[in-house]
Amino acid sequence: MHALTELADGVHAWLASSPCRGQTNSGVVVDDDGLTIVDAQTTPLQSAALLEAVERFGVPVKRVVLTSSHIEFVGGSSAFTMAAFYGSAQISAHLDQPPNVEIYQRLLPDLADEFIDLATKPVSHMVAEGAYVSGTAIAVPSEGELGQNLIVQVPHANVVFAGALAPIGVTPNAFDGDPAKWALALDAVMGWGQVIVGGHGAIGNHNDLVALQAYLWACVEAEGDPRRIPAGPWDSWFGREFDVVNVERAHMLANGDPSPPPSMLAAMGLHQDGS
């Protein structure tokens, strides 16, 4: 279940009621010409619920900004039939590939039926540098969860929709990213605003991003052994099974190996060669 929460005049967060995988947050920015949605939810059924909730604003969805190409942020894109889609070059390249429904069903079995006949929308507008995508919202390139993520800043509201870059109180999954670069990128995210809406979890602030940074650095410093992650705010986070993925990924990158972590391939039901 989700609910629409007003953050400021014309700025809302579509928040999941619990921090579980497959239940993500989205942003809603209201401008005179229409709505800007940040992240497209995990499935078309979830996006349909969001679309029903925003009908109250009386203007169409004109833009969807994607912070990542991973399924939890793009899987519901087909529900936005008339919107322009904004993403990085990497997000665009990923969405030009057909979705791997079988893997999504393995990773998110509770949503398996919603992935049947899944199709995602391609990016129509690529964002290579910070730019206004509407009268009040700025899309800004970043990195960490992917090589090329986006965030959305709403200056008048002091709000940042950080999406995939900022799970709040939820363990990140860096299988396709770089924990060290991710930790560094969060410094810039903090410079864009005080109110942080991440892709998972509750509405956050700078303290939450500092905790996320500390966790990511702990994964780097663990040198391949998740048992070396010390106690910290993350002790109560949802999804700690991703510790092994994050530590493995950081260690592999430190040793010059950019291939997917074997632990993540195993979770996907794949062999180490990707088959």
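What about ASP176, is it of a type outside the set (Lys, Arg) and within 13 Å of the chain's Cα centre (by Cα)? Yes, satisfied. Exactly one residue out of THR5, THR36, THR81 is of a type in the set (S, T, N, Q) and surrounded by 23 or more Cβ atoms within 10 Å (Cβ to Cβ), and it is THR36.
Please verify whether the stretch 14-32 includes one or more residues that are among the β-branched types (Val, Ile, Thr), on the phi < 0 side of the Ramachandran plot and exposed (fewer than 15 other Cβ atoms within 10 Å of the Cβ). No, that holds for no residue.
Listed here are the residues, each with its yes/no results for (1) touching a strand residue (DSSP E or B) at 6+ places or on another chain (Cβ under 6 Å); (2) under 23 Å from HIS94 (Cα atoms); (3) of a type in the set (Gly, Ala, Ser).
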residue	(1), (2), (3)
SER124	yes, yes, yes
VAL140	yes, yes, no
PRO167	yes, yes, no
TRP182	no, yes, no
GLN194	no, no, no
HIS206	no, no, no
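Checking every residue in the stretch 143-152 against the condition of being surrounded by 16 or more Cβ atoms within 10 Å (Cβ to Cβ), touching a Leu at 6+ places or on another chain (Cβ under 6 Å) and over 30 Å from GLY232 (Cβ atoms) gives zero matches.
The listed residues are VAL11, VAL65, and the only one of them that is buried (at least 21 other Cβ atoms within 10 Å of the Cβ), modelled with pLDDT of 95 or more and closer than 16 Å to GLY199 by Cβ turns out to be VAL65.
Could you tell me whether any residue of the stretch 93-102 is touching a Lys or Arg at 6+ places or on another chain (Cβ under 8 Å) and without any contact (Cβ under 8 Å) to a residue 60 or more places away in the chain?
To start, the set of residues in the stretch 93-102 that are touching a Lys or Arg at 6+ places or on another chain (Cβ under 8 Å) comprises 95.
Within this subset, residues satisfying the condition of being without any contact (Cβ under 8 Å) to a residue 60 or more places away in the chain are 95.
For the stretch 93-102, residues touching a Lys or Arg at 6+ places or on another chain (Cβ under 8 Å) and without any contact (Cβ under 8 Å) to a residue 60 or more places away in the chain: present.
Pairs meeting the criteria (first residue in the stretch 223-242 and farther than 22 Å from PRO19 by Cβ, second residue in a loop (DSSP other than H, G, I, E, B), beta carbons under 7 Å, at least 6 apart or on different chains) are ARG228/ALA222. Return yes when GLY198 is within 22 Å of ALA16 (Cβ to Cβ) and touching a residue at least 12 places away in the same chain (Cβ under 8 Å) and no when it is not. So GLY198 fits the description; yes.
When the test is whether a residue is in contact (Cβ under 8 Å) with a residue 12 or more places away in the chain and touching a helix residue (DSSP H, G or I) at 6+ places or on another chain (Cβ under 9 Å), PRO44 passes it. Counting only strands (runs of 3 or more DSSP E) that sit completely within the stretch 1-66, those holding 3 or more residues that are under 20 Å from HIS200 (Cα atoms) correspond to 2-8, 11-16, 26-31, 34-38. The set of residues in the stretch 103-135 being aromatic (Phe, Trp, Tyr) and surrounded by fewer than 14 Cβ atoms within 10 Å (Cβ to Cβ) consists of TYR132 alone. State yes or no: is ALA40 hydrophobic (A, V, I, L, M, F, W, C) and out of contact with any Lys or Arg (no Cβ under 9 Å at 6 or more places or on another chain)? No: the conditions fail for ALA40.
The values are calculated or read from the model by the stated rules, or taken from the named source; none is laboratory data. Keep in mind that what you see is a predicted model, and the values were worked out from it rather than measured. Heads up, the Cβs are rebuilt from the backbone with ideal geometry, glycines too, and the neighbour counts pull from every protein chain shown.
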